[in-house]
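For reference, the structure is listed below as structure tokens.
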Amino acid sequence: MRVEARDAMLAAMAVLGNPSSVHGEGRAAKAIVEKARAQVAKAFGAMAADIVFTGSATEAAALALRGRGLHCPRASMIVLPPGVMRI
């Protein structure tokens with residue numbers, strides 16, 4: 001991991017707060033998330049509004065499939081590395 005990335009990660013982890021909250025800690029956390037969103041967008045030549053952070057690879061895959069019109073609400077599968085588990 002690059003030193004700059006590690007330092008940014010450690011600084012962000014020191015901020016306690018829900019980015020969706022309106023109190024001071026929440027606003028500080030939201031500012032960090034939005035700065036990261038802008039940095040990722042710039043690195044990929046995208047708009048910040050097009051960058052979506054997810055909590056897991058499964059959530060990201062589901063979001064990508066829905067975005068491509070591949071979501072099947074009647075399907076009963078969750079994709080988990082290294083395979084597929086039926087529920």
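Throughout, read-outs are computed from the coordinates displayed, never taken from laboratory work. What you see is a predicted model; the values in this text were computed from it and never measured. Quick reminder, even Gly has a Cβ in these numbers, built from the backbone with ideal geometry, and neighbours come from all protein chains shown.
When ALA8 is tested against (1) surrounded by 10 or more Cβ atoms within 10 Å (Cβ to Cβ); (2) aliphatic (A, V, I, L, M); (3) not in a helix (DSSP H, G or I), exactly one condition is not met: (3). Within the stretch 14-33, the set of residues being more than 13 Å from the chain's Cα centre (by Cα) and either in a loop (DSSP other than H, G, I, E, B) or acidic (Asp, Glu) (or both) comprises ALA14, VAL15, LEU16, GLY17, ASN18, SER20, SER21, VAL22, HIS23, GLU25. Residue pairs whose Cβ atoms lie under 8 Å apart, sitting 6 or more positions apart in sequence or on different chains, and linking a residue in the stretch 1-27 that is among the polar types (S, T, N, Q) to a partner that is not in a loop (DSSP other than H, G, I, E, B), are ASN18/GLU25; ASN18/GLY26; ASN18/ALA29; SER20/GLY26; SER20/LYS30; SER21/ARG27; SER21/ALA29. Scan the stretch 52-61 for residues that are over 18 Å from ALA12 (Cα atoms) and surrounded by 12 or more Cβ atoms within 10 Å (Cβ to Cβ) and the total you get is 4.
When each of ALA49, ALA36 is tested for being surrounded by fewer than 10 Cβ atoms within 10 Å (Cβ to Cβ) and assigned to a helix (DSSP H, G or I), the lone residue that passes is ALA49.
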